[in-house]
Structures are given as structure tokens and as C-alpha cells.
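Below is one structure, written out as C-alpha cells, with a few remarks after it.
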Amino acid sequence: ARSGFAKCVRRHPGLGFVALPLPVTQGSMTQEGAPTTTPADASLSANAVDVATRAEWIRGAILNLANKGGAAAAAAAATANLLWDIAPSRLRETAGDGVGNQWHDLLCAIASASVSKFPTQLHGSVSGADGGVHDFGRGILVGQNSVTKLTAMVHVVAARHCLLTANASSAKTFSENALVAAAYAGSSRAEAAQKCFEVANQKVQKSATYFADCLRGVAVLFDRGSTSGNTSGTNASVNDATLIGAVVALCHAGWERGPPRCASEDHRDLIVAATRAVTQTSSALNSFIQSAIVRKALMQCVPPNRVGLSVGNSSNPTHGGHAYPPGSVAAATHTVRFLSQTLHAADASGTVPETLGSTFCVIAGSVLDVLNPPPPPPDPRRSAPPSGAQAAPPNARSACYAYLAQIANERPNALGGTGAGSNPVQTGEYLRQFAQFACEIPASVVDDVVCETLRAAVVCAACEVAASAGFKGAKAAAASFNSSNSEKAVSDVKRENGVKRENGTTDHGVFRPPGLAEGNAVKETRSTDQLARDAVEHAKLRFRSVLGSHPNSGAHEEVLKRFKPNLPGVGGGGGGTLDNAFNSLTHQHGKPSSGITQGASSKDLPIGKDFDVANHALGFLASMVKISDAAAAAVTKLALPILAGALGDDGDPRLRRYTRNAVCDLWDIVSSLAEHRRGVLCSIGLPPIPPEQPTQRPGHPKPVRQPGAVTLVRSTRDAMGSNASTPSGRVGGAAIIHKTKPWPVNVADPMSFSALRALCEKVSKGDPEAKKQQVSVIGAVVARDPKSGTKTLTNPKTNREYRMVFLTLADHTGARVKAQLLGNKATQCANVLDKCDTESLGGGRVVVGLCDVLARASASTTGHTNTTNAGVVWDPKETSMFVLRPTHAMASKLG
């Protein structure tokens, strides 16, 4: 079959040049991209074109012939079908061979080009029955559907993208480890690792191009489904389970995938750019991705007891037992970053209103469900804390606060500033019309949705802090809010240009806080949990009245129940090739396997801490206050009363110390605005500034602080301010005070780590002046080899033994510098550090200075910029000076 196929290809004028192994240096290229050498003159020498180059030729030929149309396009389609038909047998022949990976890339290059140019033909033909790649996507079938060639090709490209991004992540980790080891093991290994990392990045960039081609082909089918004459407001393509499974696989491979070896942020940003380029011209596909995939990714990590709570329901939610599904934390966190990068790209192109209308208006309700804070802890005298997840993961909530702060900065007038609400809000079924007829949501509707979301988020942010303040703090926060928000106070919180709703049910110009009865003052005390839930539900009701209901997601739910992503290269004997993905889909005992290699386990991102969410919530409130007068008034009336109770004397002191910096920033902004704009902010009694971290334990005298001394905390108990007494048998209880030493006079000035890295690159290139230049560095010791004393190494050239110590120093930005000392200087340094560890009991950060050392060749000499390189210094002639805790401005940043 392949012999006959090769003869047909040779006779074709457009595809004949790809059938024979032409030498790379033979002939020139025509304007169409084909070599001038004819197949009859082709050479079969050993210097043949590699498979990767031939793949680009075939891909370019298919794209060019498809654009010409007619018989040329038909020939290209027939060629793509034949290549797909012989793919399983050819891939089995190359399995385990060095050419196997190149054939996998060739298959993805041809498949993506075919999907982008012939989506209707490929989706109308059933995939082959030879197994292997023909069976990709078979496990998610619903009903009597069958795998088509298009969906199988898309699944292959998605699985290959997972593998390439995983390999790039592993190459990056290996390169960083090799760079660390280069300080004492030489730079050859680090250079080879860096080259492997660059090759892996190039493959990921090509895979992103294939990813975009697959999305273009799928978008054609979605656009055809939106114009198929369906009058129900639902795209016909959403009921096609095989097509929906292909879109789910692409989105999972692009940005949802978590550990092990998930894609880096740079690689996910490539997919964001590719997705945005396609969805800007296909509203049907964009509507499905936002309303089905993005909303599901956000809602999957929200416990069921935090969704669908009715307004005004004061009953306590059900507690206990809810855990996050595997991979949901990574999917939600990466999805929010996907939305944030999309908005950043829209800001660069000047299409923020259109982007918010096509993305944020669809997922605003889901974002608020994620922001719904956990309930405050119960009274410890009556019940134990609830078990299980009580809210969305802290990492996801923190990412949503950062995303909303970005939206607020992009639309500062949405909360009632100049220009907002100038036109009446026209309600309608915008979400369904956007999915069906590609209509744009008006800017007034977008601003209204942004306004309602930000107001509800302000309440959620304040309640987030109250939930972390303990039982008494949350109770005091609720009492403070209910007492300050009387009917008169609420009537003062109006938009500068308030507009009544068209149906006349509610005055949209007045924001009524949750729990406030119409026409009356507060009749009952509402908990902070109820305040947040009611704010979310009121905003979602407004979304429903303005935007209408969401379009039908079709077979998406059924596909998700059956979707099991391929994890190629995780465990097994595939050796990091796509063979693992093929083997994972083979039938065992008549049933398809799970798609995860035997022995491998799917992991997830860490969920984070509630205290970190409280910090991000305070930062969100601080950014809101600075946007406009209307935003500052909303924060003052809705959030500051809650914060005044939660951060007062009744609140948890650990939270007050943990969030001290964020609280001080917010207090400073509010105080400044209250002083300069007395007509905007009302007088709210702010709680006192939280105290600083304690420097001693209760019951112990405070030592005399000497000038220039550095305070070090020895344990977590001191850092958290525990009131427990010091256990007997421990040495002392007060903080240890270390003296500093003056910086030597006749030495070189300390050099920044970035400048040192540039100097090391000059040494790598053989600059004689750079090799002789003496430098000084100051940094905190973050690693040491050996842990104590020195180590003896032998020079293989002279057979002489040297006592050595290796240090890793860090500056205030996190940059690293490797230092190597030998001989007497190494012994002196080791003795000082050993004594320092003994005196500080291992609980302090040691800052040291190395004077008059020489820069050494960096680990990367490839000529490319590598931001992960660390500078290297050493003292071959033992003429340097070692200073412990120097008195210098650079050392004060590390104290």
C-alpha cells in the first residue's frame, strides 16, 4: 500500500518533492516553497533530509494546495487521508526507535494542517479501525456516535502537546539543577542541559502553532452549527459529543492540566495567544469555551454547600466531608490566569470592552461563587470546627481577587465614575444571542455587570478577613456592620448617576446591603457568612435580569464524566515518547484503560492558606479605594465596618500580625482620602494599627538592643506570638541579638548579583580584564556544602588535595550567587559558620560578605540569554576577606 501511495505522490506535481529523501543542500526553493530539484533527479545518498524537515514540507504543501482549491485541494485532502490511514502501522514500526519522536511530530504537523483546511470532510468520515491513533477519543463517546478523523487528530495533537510541555518542564528543572552543580562540577553538563531546554522550547512553540490550527478547524464546525437554522438559541455543535470531547481535550492540554510536570506559565501564555487569535473571529466557539469549559473549571472546585443558596435563607449550610476533585485546584487556578492573560492582551490591543463582554459577562457569576468565603468558625465552647472543604481553594480565591483588581483598573468608571451609566441599561438574552448570532454585548451592560460584581466582591473580601479572624472576630465584624448600616446610612451610598431599572422593581441607584429590610432599619443581626452569600445572590439575580440565561452546554457534562486525559511519558517504559499515550488506550480485557500509565498518580496544586487570601482581599480593597470616589465610598460603607470589627481587639491576633502590612496600606489610603475628600468618605472608626511581631516571650526581660544589631527569631512559636511559656530545659527565651561588623575600607564595593552575572558571562567569553577584576558580594547563606566543616577534594591534574567549602548566597530579590573558598580561607569560613549555627540554634538567617574575590565563568556559554544563571565567584589565591553580618546598606535588606 505504501509503495502504491509513493508512486501516486511522485506523479503529483505539488507533492512529488516530499516523497524522496532529497539532500538538504541540493537545489534551491521556488516561490511556492518546493525545491527546484525534480523527483527524477533526487539523490538517495546518506545525506538525506530528516523527517522534521520533510514534515514541514508536507505541511506547507497541504496548506498551499488547500488554498488553491479545486483539484489541488482535493489532492491535498486525499493525501492527508492516506497519511492518516497508514499512521498506526508506521508508528508501530518506529516505536522505541530514535525516529519515533520525529514521526510523532510529523503526524501532528500534517494532522493539524488537515484539520484547519478540511474540517467538514474529516468530521464527516469515520476514523480507521487499525487501533493506535485511530482510537484516540473513543472513550468519551456518548450514545451511538463514532470517532471521526477530525476528533482523533485533535486528540493526538492535544496528547502530543501535553508530552512536549511536560518534557520542557523537566528540561527546565534539570537545567536549573545542573546550573547549581556547575559551581563545583564544571559547566559542560549545564551547557548541554541548557541546549536541551532550548530544543524543548522550540518544539513547544511549534506545538502551539498546531494547537491553533486545530482550534481553527473546530471553530469552522461551531460556526456552521450556529447557522444551521436552529431557532432554539442553542448551537447544534454542542450536542456533538465527539466534537465537544476534542475541545475539552484541547483546553485541558492548553491550560487546565496540573502536576505532574504541568506546563510552565510561558507555555500557557503561548496557548492564550493562540486561543485568543481564533476566538476573536468565532463567537460560537468562544461562547462555548467560556460558558461551558471555563465556568465548569471554576465551579468544579466550589463545594456543593456554597452554591445555589437562596437569598434570605438564614439557615446554616451543611458542613463536612467535601473534598476537592483531583486536578480541580490546578484547573481553576490556571483558568483564572488564562482569563487574566486574555484581558492583558486585550488591553494591549485596545479591545477591553469587547473582551469583557465575551468573557467576563459569561463567567461573572462563577467568579463570585469562587469568591464566596468560608463560614466563620463556630463557638469553640459549643461545637468543633467543621471538617472538609468549606469554600473554594484559597489559591483560586486569591487568583480571582487579582483578576477582579485587574478588571477594576481597566474599567475605573464602572462603579459610578464619569461616563458610567450615561445610557439606560437594555436588558435582553445577550448570552444566548452572543452564542447564536455573534452579537456584541453593549458597553453599558458590560459596565453594569462589572459594577455588580465588584460591589459583591467588596463584601466578600471584607467577610473573607472576618472569617479568618476567629469566632469572636467574625461576631464583632457582623455586629459592627449591622450597627453602622442603618437606613439613613444606606441611603447615602448612591452612585453619582444612579439609574432606575426599567421594570421598576428596585432602585438601581441605591445599593441595599444584604439583610436590610426595605423601608426599615436592620431587624436582625446577620452573620458575615450570610452577608457574603446574600451579596453574591443579589449580584447573580442582577446578571440574570440583564444578561439572560446561559446557553445550553449540550453534551459537555456527559463528556466530562467520560473524559480521562492522556498523560504520556508519566511512568512506564515509554522513555518520554508518545508511545505511552498509544499504549494507554489499548484495550485490556475488552475495556479501554484509564489513560494514566500503570503506577502513575495524578496530583494537584497546593490549596494555599486562608490567611494568604485575607492578605489578597485587603490588597484588592486597597486597589478599589484608589480607583474612583464611587469605589472609595462603596468600600467605606460596605467593607470598613466589617474590617473594624474583625481587626479589632476581638479578632485573632495572629491574623492581625500576619496581615499587618496590607492593613497599614489600606488604612493609609483611607485616611488620606478622608482628609482630602471629606465629602466622599464618611467617618468610620478605624481599629488601631496591628502590633508588630513580638521580639520576646512573655515573662522574659527584654535585652538591651545595641545599635546596628539584627533581631533573629528562633522558632515558629516566636513568629506567631504564642502565649505559651517557655518549656523547661530550653536555653533562655528572649530573641538573640547578634552584633554586626563594619565593612572593610580597602576592598572593592559590593556588586549586585545581576552585575556579577554579566561579569561572569564576560569571563566565559575570555575577556582578560574581567578575569582580573576583584569584586565583593553580600548575601544571605541559603545553602552550604558541606553542612559543617570543610571537604577535601583532589585536583586531578596535580594530585594535590584542597580543603574547600561551597556557599550559595541570595540577595533581597531572590537571585543566587555561588561561592567557592579553599585552603585556609575555607577553614576560617567553616569555623565561623559552625559557631554561628551553634549560637543561633539553627533559627536565624546568616548574612555574610566576601571581599576581593574573582568572577568565574558562568554555567551558560551558549550565547543565549538565560535569566536563571547564577554568578560564580571564587578565591584561587586565598586573598579574600570573609565578613560575618557586615554593616552595609545591602546587608540591611537581608536582615
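The values are calculated or read from the model by the stated rules, or taken from the named source; none is laboratory data. Quick caveat, the model's predicted, so the values are computed rather than measured. Positions of Cβ are backbone-derived with ideal geometry, glycine not excepted, and every protein chain shown enters the neighbour counts. Surface accessibility is based on the protein's heavy atoms, side chains included, excluding ligands, DNA and RNA. Shrake-Rupley method; radii C 1.70, N 1.55, O 1.52, S 1.80 Å.
Assorted remarks:
- Modelled label positions at ALA783 and SER483, each set 7 Å beyond Cα in the direction of Cβ, lie 5.5 nm from each other.
- For segment 133-225, the solvent-accessible area of protein heavy atoms averages 36 Å² per residue (probe radius 1.4 Å; ligands and nucleic acids excluded).
- Values of log10 I(q)/I(0), in the order q = 0.26, 0.35 Å⁻¹, for segment 265-305 under a Debye, Cα-only, solvent-free model: -0.90, -1.02
- Per-residue Karplus couplings for segment 395-407, computed as 6.51 cos²θ - 1.76 cosθ + 1.60 with θ equal to phi - 60°, are listed in order as 4, 5, 5, 4, 5, 5, 5, 5, 5, 5, 5, 5, 5 Hz, Gly and Pro entered as x.
- Segment THR209-GLU440, extension gain: residue separation times 0.36 nm, minus the distance between their alpha carbons: 80.3 nm
- Ligands, DNA and RNA left out, the accessible area of segment 608-679 computed with a 1.4 Å probe is 43% carbon and sulfur.
- Remark on THR148: its backbone amide H falls under 5 Å from those of SER127, a criterion applied only to residues 5 or more positions apart or on other chains, H modelled at 1.01 Å from N.
- The local environment of GLU354, defined by Cβ-Cβ distances under 15 Å, has a net charge of -2 under the rule Lys, Arg +1 and Asp, Glu -1.
- Cα-projected label distance for ALA277 with SER387, points at 7 Å along beta-carbon direction, nm: 5.2
- Just the protein heavy atoms count here, and of the accessible area of segment 335-391 at 1.4 Å, carbon and sulfur take up 54 percent.
- Percent carbon-and-sulfur accessible area, segment 162-225, ignoring ligands, DNA and RNA, probe 1.4 Å: 55
- Subset of LYS206/LYS603; LYS195/LYS762; LYS296/LYS603; LYS609/LYS637; LYS771/LYS818; LYS765/LYS818 violating a 23 Å alpha-carbon distance limit: LYS206/LYS603; LYS609/LYS637
- Shape category assigned to segment 133-204 from the gyration tensor of Cα positions, a/c cut at 1.5: prolate
- Simple Cβ-charge dipole of segment 78-192, Lys/Arg +1 and Asp/Glu -1, about Cα centre, in debye nearest 20: 200
- Full extension of the chain between ALA402 and ASP266 yields a length gain of 47.1 nm, computed as 0.36 nm times the residue separation minus the alpha carbon distance.
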